[in-house]
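The values are calculated or read from the model by the stated rules, or taken from the named source; none is laboratory data. Since the structure is predicted, the reported quantities are computational estimates derived from the model, not experimental observations. Positions of Cβ are backbone-derived with ideal geometry, glycine not excepted, and every protein chain shown enters the neighbour counts.
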Amino acid sequence: MVRESEFYWRRLHSLLGIIPIGLFVTQHLIINHFATKGAESFNTAAHFIENLPFIYFLEWFVIYIPLMFHAFYGVYLAFTSKNNVQRYGTFRNWMFMLQRVTGVFLVIFIAWHIYETRIQKLFGAEVNYDMMADIFQSPFMIVFYALGILAATFHLANGVWSFLVTWGLAQSPRSQKIVTYVTLGIFVILSVIGMRALFAFA
Amino acid sequence: MSEHQTAVQEQAAPAKTVMFEIQRQDTPESAPYMESFEVPYKANMNVISALMEIRRNPVNAKGEKTTPINWDMNCLEEVCGACSMVINGRPRQSCTALVDQLTQPIKLEPMRTFPVVRDLVVDREGMFDSLKKIKAWIPIDGTYDLGEGPRMPERKRQWAYELSKCMTCGVCLEACPNVNDQTNFMGPFAISQVRLFNTHPTGAQNKDERLSALMTDGGLGECGNSQNCVVACPKGIPLTTSIAAMNRATTVQMFKNFFGSDHMVD
Ligand code: HEM
Ligand code: SF4
Ligand code: FES
C-alpha cells in the first residue's frame, strides 16, 4: 500500500516540510528572538500567539499532524537509506546524510521540547520567559537546545534545496548550485536568530 | 621491448608483479571469501587482462591451485556495461581500469546491489525489467505504414544523444544510497531514460505513460538527491538534471492526471 503510492507520500512529505512546518519553525524562531529585548517583550509576543483565535485547531493542523507525518515518514526514509559517504565524499552526499541525521535527532529534540513546554502547560505550568530561563539553568540543556536549534535550521535550509529539486523547480546544475548558496544563507541567518534567542534566555 | 631480448634475459630480469585481492563467491547463496593473487606485470595491462592471466594459471598468492575467477565482459571498450565491478571501493568498468592507474593491492568485489551469480558476475536482470516498466522504446509499429516521424531539432538531438549513451551498467545503482534491499528504487538510469524517450518527437506521443510509470512503486519518489549517480556514471550522463527535469514533468502530470486534461502528450 505504502509502496504503490510512495510517489505521492514523498511529495506530501516534501511539501509539509516547507508548508506548514518550515514556516512555523521560522515564525517560532522569530518570536523567540523577542527574548533579546527582555522578558516583557518576549512574553507579549508569546501571548499574542497563544491568544490567536482557533489556537487548538491551528496547533493540530499547522503543527502536530503535519509534523507527525513528516517525522514518522522521515524516520522511515532515514532508515531505508544506506549512507555511503566513505565511498563518495561529495558535498551533496554529506548533505544527504546530514539531512537524515538531523531529522532523527529532531525527533528526540522536538519530543523533549514539547514535553517540557506544551505538555507542562496542560499540567498547569505557565509557558513564559521564566520557564525557559529556568530550563537553561542547566548547562546540559543549553547544549541540547543549541544542537536542537542548529539541527532544525540546517534541516530546514537543506530541506529548501531538496524541496526545490524534488518539485523540479531547480533543474539545471547551475540553478541547483545557486540554490545551494541561497540555502546556505538561510541556514546562517536562521541559526544566528536562534542562537541569539537561546543566549538571551540563558 | 628490446630486439636483443631473449628467453634467458627474461628469466634473469626481476619479475614485476601486480597484487590482487578478489572477493569470491562460489554460488548465489554461499558466503563470500577473499583470495589474493600475484599476477606477472605486463605494460598497459587492465583488470580484465589480469583476470585472464589468473584464468590461464589459477594459482593464488599462497601458491595453491584454485578455480579460475568468473567475471562478465563483452565489448572491452566501455560500451556494453557487462564488466562492471567494484574496483578499489568504486564501481566502474574493469575493461577500462588500467592497472598502472590503480593502487595495489587492487581490490575487486562484485556490485552487491545486485544478486551475485558467481565471483564477480552479478545479475542485472532487474534493470532490464525497469526499462520494460518505463517503456524505454519508441512504438512505431502499426497495421499500416505510418510514414516518417516528425523531425527532431538538431540542438535537442545533441543533448539527447548524451542520454542515449547509457549502457545499463548498473554503476549508478551501486552508487545510490537509496538503491538497496530495503527499497525497490529502479535507479537513476531509468529516470534518465524516460527523459530520453520523452524527448524524442515520436516517443513523446506516449510520454504520459512513461511519466505515470515513474510515479509508481520504485520510481521517482525514491530519489533522495544524494547526487552520487552523476559523479559515478562512466558515460558522464547528466543524471541529476534528468531527475530534476522528470520531477518537474511529473509535478505537471500529477495535476493533469487528477483533474483530467486534453494535453496529456503535449
Ligand atoms: C521531526 C523529525 C524530522 C524527521 C525525522 C525528518 C526527516 C526528514 C528526511 C529524512 C528528509 C529527507 C527526505 C528525502 O530527501 O528523501 C526530510 C526532508 C525535509 N524536512 Fe524533515 N524531518 C523532521 C523534521 C523537520 C522539521 C522540523 C522541518 C522544518 C523545519 C523539516 C523540513 C524538511 C524539509 C523542508 C525537507 C525537504 C523535503 C524534500 O526533500 O523535498 N523536517 N526530513
Ligand atoms: S546512467 Fe551511467 S552509470 Fe547508470 S547505468 Fe547508465 S551508463 Fe551506467
Ligand atoms: S566489457 Fe563492455 S564495458 Fe567493459
Worksheet item: If you take the residues of region B:173-211 that are of a type in the set (Asp, Glu) and assigned to a helix (DSSP H, G or I), which of them is farthest from ligand 1 (Cβ to nearest atom)?
Response: B:Glu209
Discussion item. Looking at B:Gly63, B:Gly89, B:Gly81, can you tell me which residue is at pLDDT 95 or above, of a type in the set (Gly, Ala, Ser), closer than 27 Å to B:Val39 by Cα and within 12 Å of ligand 3 (Cβ to nearest atom)?
Written reply: B:Gly81
Worksheet entry | Filtered residues of region A:162-183 (kept if within 15 Å of ligand 1 (Cβ to nearest atom), part of a helix (DSSP H, G or I) and either among the polar types (S, T, N, Q) or over 21 Å from B:Thr251 (Cα atoms) (or both)) | A:Ser162, A:Thr166, A:Gln176, A:Thr180, A:Val182, A:Thr183
Practice prompt. Please name all residue pairs, on different chains or six or more residues apart, with Cβ atoms under 9 Å, provided the first residue is in region B:168-184 and is more than 13 Å from B:Cys229 (Cα to Cα) and the second residue is surrounded by fewer than 19 Cβ atoms within 10 Å (Cβ to Cβ) and among the acidic types (Asp, Glu).
Written response: B:Asn184/B:Asp217
Worksheet item: Can you tell me which residue in region B:151-172 is farthest from ligand 1 (Cβ to nearest atom), limited to those that are within 12 Å of chain A (Cβ to nearest Cβ) and within 19 Å of the chain's Cα centre (by Cα)?
Response: B:Val171
Discussion item. If I ask for residues that are under 19 Å from A:Gln86 (Cα atoms) and either touching a His at 6+ places or on another chain (Cβ under 6 Å) or more than 14 Å from ligand 2 (Cβ to nearest atom) (or both), which ones from region B:83-103 would you list?
Written reply: B:Ile87, B:Asn88, B:Gly89, B:Leu102, B:Thr103
Worksheet entry | Some residue of region B:89-103 being in a loop (DSSP other than H, G, I, E, B) and among the charged types (D, E, K, R) | no
Practice prompt. Just name the residue that is farthest from ligand 1 (Cβ to nearest atom) out of those in region B:90-128 that are more than 23 Å from B:Gln25 (Cβ to Cβ) and out of contact with any strand residue (DSSP E or B) (no Cβ under 8 Å at 6 or more places or on another chain).
Written response: B:Asp100
Worksheet, complete the sentence: Taking region B:231-266 and keeping only residues that are of a type in the set (A, V, I, L, M, F, W, C), facing chain A (nearest Cβ under 10 Å) and surrounded by 15 or more Cβ atoms within 10 Å (Cβ to Cβ), one is left with B:Val231, B:Ala232, B:Ile243, B:Ala244, B:Ala245, B:Met246, B:Ala249, B:Met254
Worksheet item: Is it the case that region A:37-44 has a residue that's farther than 16 Å from A:Ala152 by Cβ, away from ligand 3 (no atom under 16 Å from the Cβ) and crowded, with 19+ Cβ neighbours inside 10 Å?
Response: yes
